[in-house]
Amino acid sequence: MKINNLLYCVAAVMTLSACSSDGELDISSGVGVNVTRSGCPIVAIPDGTGDVTIFNPVNSTDASAIDITANVTNLRSSCNSEGEQIYTEATFEVRARRANANGARSITLPYFSTIVQGGNTVISKSLGEVTLNFADGEIRAAANGKAAGFVNGDSARLPEDIIEKLTRKRKAGDLDAAIDPLSDPATRAAVLRSTFELLVGFQLTEDQLKYNATR
């Protein structure tokens, strides 16, 4: 995810999240939206990694050579935002379709899970595999996968002065009533530093990434 997209997600999390009641903004007498924020990572699928196409023969990218297509879907997460280490677990489903339904067949697809800080700093990365089993005569198969990661709790929690800037009551007529707190570079940077993502997607080859980007 690009940084601009990440900040948009941060704003969405701050607006919609119900993980924590800390840092709420009461706007019953002012301007703005209710804000809540937890230290839980944003869970997402990076662009271009949520699906994979396998060709037969492998050196062709013609539509007639498509053997199997698969995609990651139903990504869900749970998170314990308390304590020194924040643990996040994500579950997802891989759905696949093959061109030829003859015979039973199994295929194993690799996937990655990565903890990213501030939109561009990789904290950790791990690899896993999901195996799909096609029954004879069936063109579709599905399997479940899981990813998880730890985030340092102190790093994921905003400093008190930044929380005050974000949650301070603002009334109509105040000089800064219509100013987005995230427009301040220091506040924006602090929010970005304390924002983590758990990213999940297929571990693709360079050719597979190129195909997804250009198709």
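The values are calculated or read from the model by the stated rules, or taken from the named source; none is laboratory data. Keep in mind it's a predicted model, so treat the numbers as computed, not measured. Quick reminder, even Gly has a Cβ in these numbers, built from the backbone with ideal geometry, and neighbours come from all protein chains shown. These area figures cover heavy atoms from the full protein model, side chains too; ligands, DNA and RNA do not enter into them. Shrake-Rupley method; radii C 1.70, N 1.55, O 1.52, S 1.80 Å.
Of the peptides 95-105, 114-124, the ranking by mean beta-carbon count within 10 Å, highest at the top, reads 114-124, 95-105. With a cut-off of 12 Å between beta carbons, the residues surrounding ALA70 carry a summed charge of +1, where Lys and Arg count +1 and Asp and Glu -1. Restricting the GluC sites (Glu not before Pro) of region 77-111 to loop positions (DSSP other than H, G, I, E, B) with no more than 13 neighbouring Cβ atoms within 10 Å leaves GLU82, GLU84.
Computed over the Cα atoms of region 66-148, pair by distinct pair, the Kirkwood hydrodynamic radius stands at 14.6 angstrom. Of the solvent-accessible surface of region 118-165, computed with a 1.4 Å probe over protein heavy atoms with every protein chain present, carbon and sulfur atoms account for 47 percent.
Within the shell of other residues whose beta carbon sits under 12 angstrom from the beta carbon of ILE107, the net charge comes to +1, with Lys and Arg scored +1 and Asp and Glu -1.
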